[in-house]
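Visitor: Below is one structure. I have some questions about it.
Where a number appears in this text, it was derived from the coordinates with a stated rule and is not lab data. Just so it is clear, the model here is predicted, and its values are computed rather than measured. When we count neighbours, we look across all protein chains shown, and the Cβ atoms used for this are built from the backbone with ideal geometry, even at glycine.
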Amino acid sequence: MDELKSGDMIALSGRDLGSLGIQVGSLSLPNIWPLGRLGLAGVHHVAILAPVFGELVVYESTTGDRPPCLRTGREKPKGVQAHRLGEIFANGVDVWHYPLRRELYPHEEDRLLVAVEMCMSRGYDYMGAGRSGGGLFMRTLQRLKGSESMDQIFCAELVMWAWIQAGVAQNKHAGMNPNWLCRYALRKGICNKPRRLSLDAFSHLQMIGPNPGIFAG
């Protein structure tokens, strides 16, 4: 069973209307029981783990409800922010752990942390997120356009940017939405197959079963 480590991806699969819309819009199955528990549903959000003072912290870009940012202290943060893993668990959301195929070397881990910290407090990229879910046509247009400003960034962009800077992914796959990124990470051997995470009554993390893999890909 894979342990949590630097560079691992965390993927969330919710069952509210917004999450279901993202799942269906990115050509994935909606998280409707029992699809989510069987690991067949798509995800609506991704984040990445990085070490801060010996603790693995979740870095993400989101507009969802979160407690104050662990790194900046901002209340009701929007855009790039950091939290403890337990703080992203919520009712109606399945949380999946995508472990990197190998551990990062110390210099790769340093680059990863620098990459996510450089993005801290940047705004959420609504336009980029919208284009990433616009199907093959919009994805092709975004690739042809090439690199764009990183002043604003959405969740999958943040994870891919961190992986690129750490040296575990190539800088030629811009514009992925969360589901495409999960499929890409499995197909390219960046991550092992994911497992669903849960918090027990004592707030200890424990793995509770394998995920057969995101639908399609």
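Visitor: When a footprinting reagent is the concern and you count Cβ atoms within 10 Å, what order do ASP16, ASP65 take, fewest first?
Guide: ASP65, ASP16
Visitor: If you rank PHE154, PHE53, PHE89 by fewest surrounding Cβ atoms within 10 Å, what's the result?
Guide: PHE53, PHE89, PHE154
Visitor: Please arrange GLU3, GLU108 by counting, for each residue, the other beta carbons lying within 10 Å of its beta carbon, fewest first.
Guide: Fewest to most other Cβ atoms nearby, the residues stand as GLU3, GLU108.
Visitor: Step by step: find N for the range 24-98, compute 2.2 N^0.38 Å, then divide the Cα radius of gyration by it. What's the final number?
Guide: This ratio for the range 24-98 stands at 1.22.
Visitor: So what's the projected area for the range 87-128, the Cα convex hull averaged over all directions, in nm²?
Guide: Answer in nm², one decimal: 5.1.
Visitor: Could you tell me the convex hull volume per residue, in Å³, taken over the Cα atoms of the range 1-127?
Guide: 123 Å³
Visitor: Right, next: Could you pull the Cα extents of the range 6-67 along its three principal axes, largest to smallest, in whole Å?
Guide: Per principal axis, max minus min of the Cα coordinates gives 38, 24, 18 Å.
Visitor: Would you calculate the convex hull of the Cα atoms in the range 53-137 and tell me its volume per residue in Å³?
Guide: 148 Å³
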